[in-house]
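Undergrad: Please see the structure below; I have some questions.
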Amino acid sequence: QEILKAIYPDFKEEVNQDKPTKYKKKKESYLSPIEGLVSGMVIKYAACCAPIPGDLIFGVINTGIGITIHNQDCLNLKNWALGPQNSLDVCWKSAKELGKTKYFSRVKIVLHDESGSLAEITSTIAKKRINVSNIKINNRSSNHIELMADIEVKNLDQLEDIFSTLRVSKKIIEVE
């Protein structure tokens, strides 16, 4: 700007206040993927059952913490005596409203203990463009391996698709 003014002393810079600059951040509000919540409530997803869109869900009100979202089939949920004062009926919004958010789902896989079994599972999951964030081997015997895998999926349909693809493999005994 200084060089321009030195060369062209009559130059006047035009400033347009209506035009946003590329450095201004757009204010975005967080939209909850769950219907039935009061605006501003803190939500967290239960690690015990890892609910994903498409699952039937239930909200547990924890004073001072917020709402914990559980799958309605969660074993922990069945063991608690929940009254109407600490429970909330909730459901997932439509797929269109959810957008591209991904959710963690824990999958139990039992496979034959053969060379390349684990590689086949991970490559099958990768071909579906699903990320594996964690794998833990729970049990290993001379002929099979039981493992838990945390995968990132968009919804229940995508999870069922990966289940059906994995079940086709002759190296896999069980997927749940």
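The values are calculated or read from the model by the stated rules, or taken from the named source; none is laboratory data. It should be emphasised that the depicted structure is a prediction, and the values quoted were computed from it without experimental measurement. Neighbour counts run over all protein chains shown; Cβ positions are idealised from the backbone, glycine included. All accessible areas refer to the heavy atoms of the entire protein, side chains included, with ligands and DNA or RNA removed. Shrake-Rupley method; radii C 1.70, N 1.55, O 1.52, S 1.80 Å.
Undergrad: Using per-residue counts of other Cβ atoms within 10 Å, averaged over each peptide, order 131-139, 71-79 from highest down.
TA: Values: 131-139: 11.2, 71-79: 13.6.
By packing density, highest mean first, the sequence is 71-79, 131-139.
Undergrad: Just to confirm, what accessible area per residue do you get for region 100-176 at 1.4 Å probe, in whole Å²? Don't skip to the answer; put the middle values down first.
TA: On the way: 4680 Å² over 77 residues.
Result: 61 Å² of accessible area for each residue.
Undergrad: Determine the alpha carbon to alpha carbon distance for each of 44/154; 102/128; 102/171; 108/170; 128/154; 127/171 and list only those over 19 Å.
TA: Working: 44/154 17 Å; 102/128 14 Å; 102/171 28 Å; 108/170 16 Å; 128/154 12 Å; 127/171 17 Å.
Cα-Cα > 19 Å for 102/171; rest within.
Undergrad: Here is a further query. Binning at 5 Å from 0, report for region 59-176 what percent of all alpha-carbon pair distances ends up in each bin.
TA: Calculated P(r), rounded to whole percents: 2, 9, 17, 18, 15, 13, 11, 8, 5, 2, 0.
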